[in-house]
Amino acid sequence: MRLDYRTLPVRLKLQLIGLSTLAVCILLSTLLLIANDYRTSLTFMQQGLQTQARIIADNSAAALRFDDARAAEETLAALRVSPMIHSAEILGPDGELFAAYPDQVAVAAGREHLLGNRTLQLREKIMQRDQVLGELVIHYHLTRFYQDMLGKAGAGVLLALLAMAAAFLIMRRLLVDVADPITQLSALMEKVAADQDYSLRSNLQRTDELGELARGLDTMLSHIERYRTDELHRAEAKLSESENRYNTLVESVPVGVVQLERDGSLAFANRMFWHIAGQPPGLYAGESVLAFVHPDDRAALFVLFRSVMSGQPVAELAFRLQSAGGTRWVALEFNALRGLDGRVQGAVGTLLDVTERRYNEAQLRLAASVFEASHEAIMITDADGRIVSTNRAFTRINEYAADEVIGLKPAVLSAGSTLSEVYRDMWQQLAHEGAWSGELLNRRKSGATYTAWVSIAAVCDGNGQTSNYIGISRDITGIKEENDRIAYLAHYDGLTGLPNRTLFYDRARVELARAQRDGLGFAVLFIDLDRFKWVNDTLGHAVGDALLREVARRLEAGVRASDTVSRFGGDEFVLLLSAVPAEEAAAIAAKLLAEVGGEAICGGHTLYITPSIGLSLWSPQTQDLESLIREADEAMYLAKRGGRNKVCIYEHGVPA
């Protein structure tokens, strides 16, 4: 039965190798006993010579390094104690002769002699700190040694060669089967380690321990490959999830995000950027970002971009972006984008559309300017009615500085004279309509009161809840006084202070309506001063005016509080006797005739006054005031024609 050595265990194979090696060693030992003297002598000689050459080389290193040929020759001169040394040389780095023993001439002459003799040449590198400085060459005489050993060496060499050949054949046959698989497995592991390729396999089909090792290695590589594949898939899934999350985040943020290359071209821009730019996403990708910038702002943006490229970590700028819908203001923040080596590779920027914010800020500045520049007092309160802000006009009108009223309620301005119903109506109107306007009597810090026209508006928050109240007020004291004066002048005589024709007619119409309603009559008296023109022309208008004022005083003193004394002009006075019977009206007329007439001192002159009075009485047939006044006027003229200083009553359609 043939033994298949490939199926033998590695241990047995190694034992066979050991036995074969032992047999070869025995054979060689036998042969070497013959040549023992030769080998021993040669070995010791060579070791000694080699050691000697190494020592000489080490001692020559310093001389060669510092180019000291004399020192090198002195070192070589120490070789004279060895009878086997024929000559020695020190060669430079390029092979040139640097020093020689015994000298260069003798060396040159001895070389030809050495060619015909047995010599040994040893070469030793001259090194210092791992640097090769040159080479030491020593020539030894071996002629006599070879002659002595030649016979023994011949036989020994022959037997040694035969033994070595036999051992080589045996060991090669056995070791190839062990060494090759190990080499193959070693090469496999080196390749896996170098390429990180865990899909490689040994593919060794053996049944011994090396086969089990190969199969175990293949199994381990398979597990590692599967684990790496799973980890790679998980990493790819996480990376994909992270990229999706990042893309979703970048695309969903309410600001524009851009990535720029070093040349300023767009490497990436999210949808919000394209929305702000008013362009389809990606249409202008790769173009310079300056193409979207307003021409007047491009230089500033370029300087900002270059500063980021030069290493500045963060830079900010507000500029105008040209879009399809017009110019938009954006706020840009640039950050340097660095690679793994720390060098700036580009820039990442975020853009926020601040067009509306800038507009609102401008409007706020304008509103603030209006707030402070307004000539009307402006006061802002919170929802609880506490003052939070006032303008300069508020201080000018109310004499309170802002810090004196902040936190207080507007009641600090109240004079305490405004009816509580006014405030109740104010709050009800604010609650239902959100605004109120009206007059309030306020008090200044000094204590002086004034009439203010106040407009209040409620301000609501996003939830519709009242957050503030804005009150605007102005001092209308002067306006009211002027209006009162105008109203007075429109209804009263400027000289006497009596109601004028307009006010008389207003009251007479009311009296007419009352009489028509309840049937209780009234009367009209038309009074004219006798010879008044003579007073004006002779004594002057100042005396005439004084006389008119005196007559007005006497007329008002002679009538009831419900009656009206008016001056139509000149010396004509018209009286309205309210709700009076005919007899009483006549009695009042007679009384006035006596009280108005008589002496009067006017302007230093004593005058005698005589009035002429016409009286007309209302009757159910009276339809208008003009008829009644005309009748009184006719009765007055009748009194003048009848001798003056008398009363004439218009009755039954004719003066009586």
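The values are calculated or read from the model by the stated rules, or taken from the named source; none is laboratory data. Model, not experiment: these values are computed from the prediction. A quick note on method: Cβ atoms are made from the backbone with ideal geometry, for glycine too, and the neighbour counts reach across all protein chains shown. These accessible areas exclude ligands, DNA and RNA; they are computed on the full protein's heavy atoms, side chains included. Shrake-Rupley method; radii C 1.70, N 1.55, O 1.52, S 1.80 Å.
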(request) Would you confirm whether any residue within the range 625-646 is touching a residue at least 40 places away in the same chain (Cβ under 8 Å), β-branched (Val, Ile, Thr), open to solvent by less than 70 Å² (accessible area, probe 1.4 Å) and in contact with a helix residue (DSSP H, G or I) (Cβ under 7 Å, 6 or more places away or on another chain)? (result) no
(request) May I ask you to list the residues in the range 323-357 that are in contact with a Phe, Trp or Tyr (Cβ under 7 Å, 6 or more places away or on another chain) and farther than 19 Å from residue 254 by Cα? (result) 347
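One line per residue, one yes/no per condition, for (1) open to solvent by less than 50 Å² (accessible area, probe 1.4 Å); (2) in a loop (DSSP other than H, G, I, E, B):
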residue	(1), (2)
445	no, yes
451	yes, no
458	yes, no
472	no, no
528	yes, no
(request) Could you run through the range 565-585 and say how many residues are of a type in the set (Val, Ile, Thr) and over 12 Å from residue 493 (Cβ atoms)? (result) 1
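When you check residue 497 against the structure, is it on the phi > 0 side of the Ramachandran plot and either buried (at least 16 other Cβ atoms within 10 Å of the Cβ) or not assigned by the TED database to the domain that holds residue 385 (or both), yes or no?
Working: on the phi > 0 side of the Ramachandran plot: yes; either buried (at least 16 other Cβ atoms within 10 Å of the Cβ) or not assigned by the TED database to the domain that holds residue 385 (or both): yes.
When the stated conditions are applied, residue 497 passes them.
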(request) Determine which single condition residue 615 fails, assuming it passes every other condition in (1) in contact (Cβ under 8 Å) with a residue 60 or more places away in the chain; (2) part of a helix (DSSP H, G or I); (3) crowded, with 23+ Cβ neighbours inside 10 Å. (result) (2)
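I need the helices (runs of 4 or more DSSP H) fully contained in the range 6-89, keeping only those with at least 3 residues that are open to solvent by 20 Å² or more (accessible area, probe 1.4 Å) and modelled with pLDDT of 75 or more. Outline the logic, then answer.
Numbers: elements: 10-34, 36-65, 69-77.
Where helices (runs of 4 or more DSSP H) fall fully within the range 6-89 and carry at least 3 residues being open to solvent by 20 Å² or more (accessible area, probe 1.4 Å) and modelled with pLDDT of 75 or more, they are 36-65, 69-77.
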(message) Of everything in the range 639-656, what is touching a strand residue (DSSP E or B) at 6+ places or on another chain (Cβ under 8 Å) and either assigned to a loop (DSSP other than H, G, I, E, B) or under 25 Å from residue 553 (Cα atoms) (or both)? Give them in sequence order.
(response) 639, 640, 642, 644, 645, 646, 647, 648, 649, 656
(request) Read through the list (1) open to solvent by 50 Å² or more (accessible area, probe 1.4 Å); (2) assigned by the TED database to the domain that holds residue 438, then give the number of the only condition that residue 502 fails. (result) (2)
(request) Can you run down the residue pairs with Cβ atoms below 7 Å, 6 or more apart or on separate chains, where the first is in the range 226-254 and of a type in the set (A, V, I, L, M, F, W, C) and the partner is in a helix (DSSP H, G or I) and surrounded by 10 or more Cβ atoms within 10 Å (Cβ to Cβ)? (result) 253/272
(request) Taking the residues in the range 383-412 that are of a type in the set (Lys, Arg) and part of a loop (DSSP other than H, G, I, E, B) as candidates, determine which candidate is farthest from residue 458 (Cα to Cα). (result) 409
(request) Considering each of 513, 490, 552 in turn, give the residue that is buried (at least 17 other Cβ atoms within 10 Å of the Cβ) and not acidic (Asp, Glu). (result) 552
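Can you name every residue in the range 59-94 that is among the charged types (D, E, K, R) and farther than 15 Å from residue 123 by Cβ? If you could, list the steps in order and put the result at the bottom.
The first filter runs over the range 59-94 and keeps only residues among the charged types (D, E, K, R), leaving 65, 67-68, 70, 73-74, 80, 89, 94.
Selection gives 65, 67, 68, 70, 73, 74, 80, 94.
Let's see how each residue does on (1) among the aromatic types (Phe, Trp, Tyr); (2) in contact (Cβ under 8 Å) with a residue 24 or more places away in the chain; (3) on the phi < 0 side of the Ramachandran plot; (4) touching a Phe, Trp or Tyr at 6+ places or on another chain (Cβ under 9 Å):
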| site | (1), (2), (3), (4) |
| --- | --- |
| 390 | no, no, yes, yes |
| 395 | no, no, yes, no |
| 399 | no, yes, no, no |
| 429 | no, no, yes, yes |
| 439 | no, yes, yes, yes |
| 450 | yes, yes, yes, no |
(message) Just to be sure I understand the filter: pairs with C-beta atoms under 7 Å, separated by 6 or more residues or on different chains, first member in the range 512-538 and of a type in the set (S, T, N, Q), second member surrounded by 18 or more Cβ atoms within 10 Å (Cβ to Cβ). Which pairs pass?
(response) 536/544
(message) Pairs needed: first member in the range 317-335, surrounded by fewer than 14 Cβ atoms within 10 Å (Cβ to Cβ); second member anywhere, modelled with pLDDT under 80; C-beta distance under 7 Å; at least 6 residues apart or different chains.
(response) 324/278; 324/279; 325/278
(request) For the range 346-361, name all the residues that are open to solvent by 30 Å² or more (accessible area, probe 1.4 Å) and touching a residue at least 60 places away in the same chain (Cβ under 8 Å). (result) 348, 350, 352, 353
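In this structure, is residue 407 farther than 18 Å from residue 443 by Cα and touching a residue at least 40 places away in the same chain (Cβ under 8 Å)? First the steps, then the outcome.
Details: farther than 18 Å from residue 443 by Cα: yes; touching a residue at least 40 places away in the same chain (Cβ under 8 Å): no.
No.
Can you report the number of residues in the range 482-522 which are assigned to a helix (DSSP H, G or I), of a type in the set (S, T, N, Q) and over 22 Å from residue 619 (Cα atoms)?
Taking the range 482-522 and keeping what is assigned to a helix (DSSP H, G or I), we get 482-491, 501-518.
Okay, now just the ones that are also of a type in the set (S, T, N, Q), so 483, 502, 516.
Add one more test, that the residue is over 22 Å from residue 619 (Cα atoms), and what stays is 483, 502.
Qualifying residue count, the range 482-522: 2.
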